[in-house]
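A.B. asks: Mind having a look at this structure? Questions to follow.
Each value in this text was obtained by applying a stated rule to the coordinates, not by laboratory testing. Keep in mind that this is a model prediction, so the values were computed, not measured. For neighbour counting, all protein chains shown are included, and Cβ atoms are generated from backbone atoms with ideal geometry for every residue, glycine included.
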């Protein structure tokens, strides 16, 4: 079977991983630099966009146009306190777009452009899609992308928008915590059966910029998330910042240099302290840090012990401990009920974090999973499960909604005006149906019912339209479906009006009223909940009525106008079109650069081979050689001057002109070498054939099966071909190497094939 386009993307703040389900397993894809990690970096130049590994290498040289850390800006506004804090750490410029959204200013194609974080994310996803398609040799459409468990509606919608701009079909946005749990659980053969107690595992994921802790219960073939806790602003980069601050103060005192005043120097310092931090994880002795030509051509050096780092970052480690304890408390698990604590994410390797895990859970941190690739592998598994094209072992995943969701509405006589529809850690995806009594259109507003990392708890406004009173002028009964979908996005997805077509007999009215009393109002909590799909058409009351009289009620679907986060379809189409143009421009620029490189390569290669000790030197006349070398020299000069910036076609034409002279010289050398071999082979074949004829004539029994006429033909061919070969050998002796020979290797091989 051809490789299926079923990929999982771990979209990280610092780098991304792509995994694919194929050949009965999960494989992490290497990028065009043979690395599994692709930096979450997008750079811009006067000609094109540079994505991934190549972009990361420009962070110091092209600072203002190299965009990183944009995952933390998704779905946010410029005045968001979180964005204001991030902006201080970013070398590029943020601005507000006319529509109020956040913009990133860059210089692209020699003019100023403003892109949104969603567009930048789409550019990175385009690169990951391209890497996958090259590795899988097939088109990639369907994917599962990881999201931090603490992402709200606004951020999840922004990531879905980014994927749509990149032309990807997201089957699911999967919480990173759940992806890790799936990657752990699916290969475990020894999980308890359904009737046994579950195996409870805690996962600690400390990455570049955030900490997530989750508890999960496993049974054979299924997992259920129990709780999760997170600190969205606590990761490896926060430790780097504290170390960089420490060394900045140290260098100011000892060298009179302050890296904070020089963005380039500060970036280099961050790179060095990150290396030092990694070394400290494996080493508790004092470790040196040296940076050459740091500022003002001065070399600097410093050193640090792990214990000093732990002292400087003590307040961060306290926050780690609080998050671990919160997850333990929310999961309602006793310590003896926890089977193991698994760690993933780059920063979970820090010894202080491992010690905290041990002190909170009374268990050592276990490293069963690949710390960097577990999330991508979990996403690839989930994608394979959701895709009809791949067969995967059955494994049921029950995820949770991290924040409680409440609905607020204008109360009518018998109702409260709000209700928590989904409490914290409620199963998702999930639908609930609420009943309202209304004579006219009404509005529902959804909010998160607790503090979230996103500054605004607002989820969306939903107006239920086309509501009208009953024939008697009473309130109509309206069923409203509220849903948390597979991506973890909450919304009001459907509404229906229950219409009574004709007057109901007296006893039916009583019956109906009794039923309505049994059905609690939204104020007294929801009356009906079910997992998808939900049948909106009838409830118990309607069913009983139908039994009494056919066609008594009918359901009318009502339109809902929703105002939520994210782009409109028109904006998405515009952004998708822009992305396609940029992809075409990048491709064109690559072809142009490739054509220029091919020309440059040819100039250097030919000139080297035509030099006095070069392999082509004997195959061209001195005067022709000198003329051609001069031509190559002037082509090199042209390349670095007016030929620096030409179209692909111009380079292609110039290369063709050079090849018209160069290739015949190359061919003379190739002919010279291969012709000698071909002649030897032909001579050897003649010798063998002649020997067979001689033995046949001598009456060797071995050749009794050969007819006399055939033997005569062979003898004749040996004489003719031998004569032809001698003639050609003699002729070739008189032809200099600088001239095209009158006989080619191809002719010699034909002679051998036809006559021998």
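A.B. asks: If I take every Cα pair under 8 Å that is 6 or more residues apart in the chain, average their sequence separation and divide by the length, what percent do I get for the relative contact order?
C.D. replies: So the answer I get is 11 percent.
A.B. asks: Work out the FRET efficiency for residue 713 and residue 222 from their Cβ-Cβ distance, taking R0 = 60 Å, and round it to the nearest 0.05.
C.D. replies: 0.15
A.B. asks: Grab the alpha carbons of the stretch 222-368, take their convex hull, and tell me the volume per residue in Å³.
C.D. replies: Convex hull of Cα atoms, per residue: 125 Å³.
A.B. asks: Something else about it: How much length, in nm to one decimal, is gained on full extension between residue 189 and residue 617, taken as 0.36 nm per residue of separation minus their Cα-Cα distance?
C.D. replies: So the chain would gain 147.3 nm between residue 189 and residue 617.
A.B. asks: How much length is gained on full extension from residue 196 to residue 57, taking 0.36 nm per residue of separation minus their Cα-Cα distance?
C.D. replies: 44.8 nm
A.B. asks: How many percent of all Cα-Cα pairs in the stretch 39-92 sit more than 15 Å apart?
C.D. replies: 48
A.B. asks: Using R₀ = 41 Å, calculate the FRET efficiency as 1/(1 + (r/R₀)^6) where r is the Cβ-Cβ separation of residue 677 and residue 23; round to 0.05.
C.D. replies: So, using R0 = 41 Å, E works out to roughly 0.45.
A.B. asks: Now, a different point. List residues of the stretch 628-652, by number, whose backbone nitrogen lies under 14 Å from a label position 7 Å along Cα→C-beta of residue 594.
C.D. replies: It comes to 648-649, 652, nothing else.
A.B. asks: Report the per residue volume, in Å³, of the convex hull enclosing the C-alpha atoms of the stretch 1-160.
C.D. replies: 120
A.B. asks: Given the stretch 570-756, report the % of alpha carbon pairs whose separation exceeds 26 Å.
C.D. replies: Taking all Cα-Cα pairs of the stretch 570-756, the fraction more than 26 Å apart is 58 percent.
A.B. asks: If contacts are Cα pairs under 8 angstrom and at least 6 residues apart, what is the relative contact order of the stretch 570-756 in percent?
C.D. replies: It comes to 26 percent, rounded to a whole number.
A.B. asks: Can I ask one more? Per DSSP H run of n ≥ 4, the term is -39500 (n - 2.57); total these for the chain, divide by its residue number, and report the mean residue ellipticity at 222 nm rounded to 500 deg cm²/dmol.
C.D. replies: Computed ellipticity for the chain at 222 nm equals -14000 deg cm²/dmol.
A.B. asks: Right, next: Rounded to the nearest 0.05, what FRET efficiency do residue 366 and residue 133 give with R0 = 45 Å and r taken as the Cβ-Cβ distance? Could you check?
C.D. replies: The computed FRET efficiency comes out at 0.80.
A.B. asks: Still on this structure: Using the 10 angstrom Cβ neighbour count as an exposure proxy, how do 651, 108 rank, fewest first?
C.D. replies: Taking fewest neighbouring Cβ atoms as first place, the list is 108, 651.
A.B. asks: For the chain, find the longest principal axis of its Cα atoms and tell me its angle to the long axis of helix 236-255, 0 to 90°, nearest 10.
C.D. replies: 70
A.B. asks: By how many degrees, 0 to 90 and rounded to 10, does the Cα axis of helix 176-185 deviate from the longest principal axis of the chain?
C.D. replies: It is inclined by approximately 70 degrees.
A.B. asks: Under a crude label model (7 Å from the Cα following the beta-carbon direction), how far is residue 275 from residue 657 in nanometres?
C.D. replies: 4.7
A.B. asks: Which parts of the stretch 713-728 would a label at residue 703 reach, counting a residue when its backbone N lies under 15 Å from a point 7 Å out along Cα-to-Cβ?
C.D. replies: Within reach of a label on residue 703: 713-719.
A.B. asks: Calculate, in nm to one decimal, what residue 726 and residue 82 gain on full extension: separation in residues at 0.36 nm each, minus their alpha carbon distance.
C.D. replies: Going from the current span to full extension adds 223.0 nm.
A.B. asks: Nearest 10 degrees, 0 to 90: what angle lies between the long axis of helix 648-697 and the longest principal axis of the chain (Cα atoms)?
C.D. replies: Helix 648-697 and the main axis of the chain meet at about 60 degrees.
A.B. asks: Another question, if that's okay. For residue 312 paired with residue 297, estimate the spin-label separation in nm (one decimal), with each label point 7 Å from Cα along the Cα-to-Cβ line.
C.D. replies: 2.9
A.B. asks: Using all Cα-Cα distances in the chain, what percent lands in each 10 angstrom bin from 0 up to the longest?
C.D. replies: 2, 11, 16, 17, 15, 11, 9, 7, 6, 4, 2, 1, 0
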